[in-house]
Structures are given as structure tokens and as C-alpha cells.
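A short worksheet on the structure shown next.
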Amino acid sequence: MERQRRFIPQILSQTHHLIPTPQLGVVEATSVVLTPPNDDPLLLASIYIPPATNPATAISDLEVIFSLGHSSILCGDYNAHHTDWGCISNNQRGLLLKNFTDDTDTDLLAPPTPTRFGYNSASTIDFALTRHFHWRTSINSVSELSSDHNPIILNFKTSIKFDFPTRTVTTDWNLFRHTLKTTTSFQPITAHSREDIEKLTADITSNILHAYDLSSKPIQNKNKTYIDSDLKSLFKQRNRARKTWQFTRDPNDNTILNRLQNKIHRKVNALSQKQWEDKLTSLDPEDGSLWNMAKGFRKKRFPISALTGPTGIAYTDTQKAETLANALEDQFQLNNIQNPDTDTQHMRLVDRFFINDNNFDDTPISTKPSELLQYIKN
């Protein structure tokens, strides 16, 4: 348990409590649950896996710890070597841990520099495993203390999260307009600074998003994908054979796994061919399905013309994409804000443009608050 003390979470202004660690096979762990304000509980665990332990049992223990909470961070000394996180070679535990992160919703966060230094070697065996953890993170190895293991520091910002995929919802737009009309209290614009403008913009955006949430509900997909029963059985056999081969690394087990993989490929191809034949057989000229299918095959799809860029003529899709990206990058450049007089020069140019009567046929009419309110309601 000595190595566990290297990872001591610093808890500031958080509600936390220790939780009893279940019976584990080889992993030594200490867990604590944090309850951040206005957020889901977060499980933090300090992990140490001794070198002379069963790798498969260690992976099972990690899954048991992950099951204690929804959002989890498991940080510590795993004694797992793999080239994917900076080691010069792979060991059995590293291979199993790599397969574990690939097959599950688990992310491995390793520092860019080694964490353990021997007499003639350096390796990265101290890192963090996370699950259902959507905050932006950074992890570093710090050259401090007198141990042969460097401490690692994991930083994450709770105020900035990743953009989750947009959920499929149906929105009642009449309810949206009514909610926005009743909840939005529009006042005449009295902003005189950048901070005031940003606050008004944030308030309007918050009201719009709140009205959208109240008038939307998720669409439940009731159609389940059909999978052939024989194919389901082959999937179970394949997964069992893969686990066996990953544990034993026996060539005979690998042969059994390859045979099952090939059998699945042949089965999937046969089912796809049968579905296509059934679709062709079901076509009928009376209901228009035959003509719709034939129309799709007869329709000519014209390719995008070649583009001329600074590097020459772009013919392929990749070259066209690069040409468009370069053109947009040249057009949309950030303003030079290094010079403090830049804003003053821009304001002077804008004032000079408005003062010149030749630039306008009529005097510009100011936008009224009532017009903005009408646009929001519509």
C-alpha cells in the first residue's frame, strides 16, 4: 500500500466520502467518491498492481472498481508496459490492458514523459484510467520526491466539457414560441461596454436554449436491428475464443479464433446477398418500387469540376478539399491585436465611412428594440 500514497487527491470545496473497497484478487486500491456542486458523483481510486501477479485477475479487479461509480478515475502504478503509452517494449499485463481499453468505454491517460527511472532504463507505468469522464484533462510527470517513481498530476477543468453528440429530439415549435414569449423579458439595449454586450448576449442565448429544452423531447427508437440467431451464437463463440487466446497466447487457440472469424465473414456475406436478392424479388411495377429502383441506377451523378488553386489544378477529392481549405484560411485571418492602436484605426475608418454622404442614398435608420423582439418571437 506504500505506492498508493503517491496519489492523494486534493479535495477543495467538495463533498466526499470514502467507500469500502470490495474484495479484490491482486489489485490494491483505495477509493473515494466526490460530489461536485451541480454535477454527478465522481469516483477517485488509488491503484497499485504488484509486478508478480496474474494479469487477467488484475483486469477483472479493475472492472470491479469501475462498477462502483459512473464517472471514474483510477490512477496509480499499474506495472504495465506497452509502446502505446511510451514504453520501449510490451509485457503481458500491458497487452491485456491495451485490449481492455480498446474493448470497453475506458480511456488511458499517460504523461508524455517517463514516470519510473531505473539504473539503465526509463518507462511509463504510472498513469490514469478513466470511464464516463468527459472533462478536458492533461496529465504530466513531475520530477520531484526521492522515489524512483515520479508523481503524476492529472488536471481537469470542470467548467469546460466536450460537446456531446446532438440527441435526436422532436420539438413543438408553437410551444417554443409561447415559452420564449412568456419567459423572455426584453429590455431596451443599455449596453455601453464589451462586458455588458456579452452579458446581454448570454442572457438571450440562455432563454432560447431553456425554451428549446422545455419544448423538446427525445425520440425513442423502437425498431431493433434483427440479428440472425446463428450469427449471435458465432459472435459468442468468437468472443470466448478471443479471450482464451489473449490469456494463453497459444497458437492453437489463435487458429480456432481465425476459423471462427472466417466463418462469421462468410455468414455475413451470405446474409447480405440474401437480403439483396429478397429486395430485388419484392420489387413490383404496380406500386412503383421497381421504377424507383431503376431511376436511382439511371440517374447520372455529375462529379465536381476541377478547381484551380495556388498549387495548380486539383482533380481528386483530397486535392479539392485542400484547395478550399487554403482559400478559406487565407480569407478568414484573425485581426492583428498586438498593436494597441489597431482598434483606434478601425474605428477611425468606420467613422470616416459613415461621415461621407456619398456612401449612402438615405440616412441609415436605427434598429428599434421592438423590431428585435419581433424577430425573436418569430
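Side notes on the structure shown:
- P(r) tail for segment 57-110: Cα pairs beyond 12 Å make up 68% of the total.
- Size descriptor for segment 236-300, Kirkwood hydrodynamic radius: 15.0 Å (Cα pairs only, one decimal).
- Dividing the convex hull volume of the alpha-carbon atoms in segment 84-141 by its residue count gives 77 Å³ per residue.
- HN-Hα J in Hz across segment 101-110 - Karplus 6.51, -1.76, 1.60, θ = phi - 60°, x for Gly and Pro: 6, 6, 8, 10, 7, 10, 10, 10, 10, 10
- For segment 196-330, the percent of C-alpha pairs falling in each 10 Å distance bin, counted from 0 to the bin holding the largest distance, reads 9, 14, 12, 20, 29, 14, 2, 0.
- Contour minus Cα-Cα distance for Lys279 and Asn258 (0.36 nm per residue): 4.4 nm
- Highest-first arrangement of 68-77, 241-250, where packing means the average Cβ count within 10 Å: 68-77, 241-250
Each value in this text was obtained by applying a stated rule to the coordinates, not by laboratory testing. Being a predicted model, the structure only gives us computed values, none of them experimental. Note that we place each Cβ from the backbone using ideal geometry, even for glycine, and neighbour counts take in every protein chain shown.
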